[in-house]
Structure formats: structure tokens, C-alpha cells
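Only the coordinates and a few stated rules stand behind these numbers; no lab work does. Please read all numbers here as calculations on a predicted model, not as lab measurements. Please note: Cβ atoms are built from the backbone with ideal geometry, for glycine as well, and neighbour counts cover all protein chains shown.
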Amino acid sequence: MTALDAFAASVTADAPPAGAGPALQALWWARRGDWARAHECVQAHEGEPDCDSVHAHLHRQEGDLANAGYWYRRAGRPVSQQSLDEEWAALAAELLTRTLRRDRSGS
């Protein structure tokens, strides 16, 4: 099982995995269907590129494309052309990879 598979499967737990930063927590809550809780996670960390990227995804999921566009610009990313599921997986994989590298290096 890949880290992404394990993360996606973890949504049956009561809380996000230990060590998940706010952007990953937001993706976890979004996958669980709790958009408001996901939004709270990223809103509390505005200005952090990872959170701004997930913030964009959430507003795209909501159907508020103008607001999503604002957050994509804040994150320094182009507006995603992927399906919502593909974008969720790409964001989660990117964040998980970075988290695993950080954990391995001890920083």
C-alpha cells in the first residue's frame, strides 16, 4: 500500500493521521466530506503555499471558481484542469512525499 493509499484509507479513523500538517488535515477532512472543517484548517494558515493550494481546491470543489482562482494565484499555481479527485490525489501525494522526506531527514 502506498502512502497515498494509506492516507486515503485513513478517513475511516476519528482524526487525521498523527504528524499531518494543516494542509494534509484539510485534505483529510475534505475526503471525509467535512468541507467546513477542511476550510477551517486552511483558513487558519492563509499565506502558507500548501494551505493556499488546498484552499483553492476546496473552493473549486465548492463550485466557487472565482474564489478558487484567487487562491491558486496566492499559491503560485495555475488553475487545475484535473478532475477534483485527481487534484485531491496529486495534492495529497505531493504533501505526503514532502512530509516523509522531512521525517526521514529529522528536520
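Miscellaneous remarks
- Dipole of the chain, positive end: most advanced residue of Thr99, Tyr70, Ala36 [Cβ charges, Cα centre]: Thr99
- The tail of the calculated P(r) for the stretch 18-101 beyond 22 Å holds 12 percent of all Cα-Cα pairs.
- Sorted by Cβ density within 10 Å, fewest first, the residues Leu27, Leu91, Leu4: Leu4, Leu91, Leu27
- This ranking places Thr97, Thr12 by how few other beta-carbon atoms lie within 10 Å of each, fewest first, which gives Thr12, Thr97.
- Residues whose amide H falls under 5 Å from that of Glu48, counting only those 5 or more places apart or on a different chain, are absent, with hydrogens built in the peptide plane.
- Listed by Cβ neighbour count within 10 Å, with the fewest neighbours leading, Val11, Val54, Val42, Val79 appear as Val79, Val11, Val42, Val54.
- Only helices enter the 222 nm calculation for the chain: every DSSP H run of n ≥ 4 contributes -39,500 (n - 2.57), and dividing by all residues gives -21500 deg cm²/dmol, rounded to 500.
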